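The values are calculated or read from the model by the stated rules, or taken from the named source; none is laboratory data. Values in this document were obtained by computation on a predicted structure and should not be read as measured data. With ideal geometry, Cβ positions are generated from the backbone for all residues, glycine too; neighbour counts draw on all protein chains shown.
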C-alpha cells in the first residue's frame with residue numbers, strides 16, 4: 001500500500017512501479033491478473049496487489065498490507081490520520097517506510113514531529129536523513 005499526497009501523486013508513484021515492473025527480465029516478471037489500473041496492480045499468483053492511495057481522512061482505514069509506504073509524507077494533508085489508519089497493518093508486522101522532502105512552508109508537521117521523536121528514540125521509527 002502506497003499513500004501519496006493526492007490522487008495524481010499516487011497514480012504517478014504507481015506509474016513508476018509499473019515502469020520498473022515492465023523493465024524486469026521476463027523470468028522475474030510475475031503475470032498481472034485482471035486488476036491493473038491507475039491506482040492498483042494485481043498479481044493473482046501471489047493473491048496480492050499494489051494499491052496507491054491519496055492522503056484522505058480515511059486512507060488506509062481497514063486495509064491490511066505487508067508493506068506500507070507514505071510517499072512525500074510532509075505534504076500529506078491528513079498525515080496523522082493516515083498513519084493512525086496504517087498502524088494495525090504495521091502492528092501486525094508490515095514494514096512501514098515514510099519518505100519525504102521537507103515542506104518548508106509548514107515548520108510544524110506530523111512528519112517533522114515524528115522524525116524528531118525518532119531521532120530521540122521516542123518511537124519505534126529508525127530515522128535516516130539524506131541531504
Residue under evaluation residue 72, criteria (1) buried (at least 16 other Cβ atoms within 10 Å of the Cβ); (2) on the phi > 0 side of the Ramachandran plot; (3) out of contact with any strand residue (DSSP E or B) (no Cβ under 9 Å at 6 or more places or on another chain), criterion not met: (3)
Considering only region 35-55, state which residues are in contact (Cβ under 8 Å) with a residue 24 or more places away in the chain and not in a strand (DSSP E or B). 38, 39, 55
Residue that is surrounded by the fewest Cβ atoms within 10 Å (Cβ to Cβ) [pool: residues in region 81-100 that are assigned to a loop (DSSP other than H, G, I, E, B) and out of contact with any strand residue (DSSP E or B) (no Cβ under 6 Å at 6 or more places or on another chain)]: 93
Restricting attention to region 48-65, does a residue exist that is at pLDDT below 95, more than 17 Å from the chain's Cα centre (by Cα) and surrounded by 15 or more Cβ atoms within 10 Å (Cβ to Cβ)? no
Output the residue which, of all residues in region 16-34 that are touching a residue at least 12 places away in the same chain (Cβ under 8 Å) and within 26 Å of residue 73 (Cβ to Cβ), is surrounded by the most Cβ atoms within 10 Å (Cβ to Cβ). 21
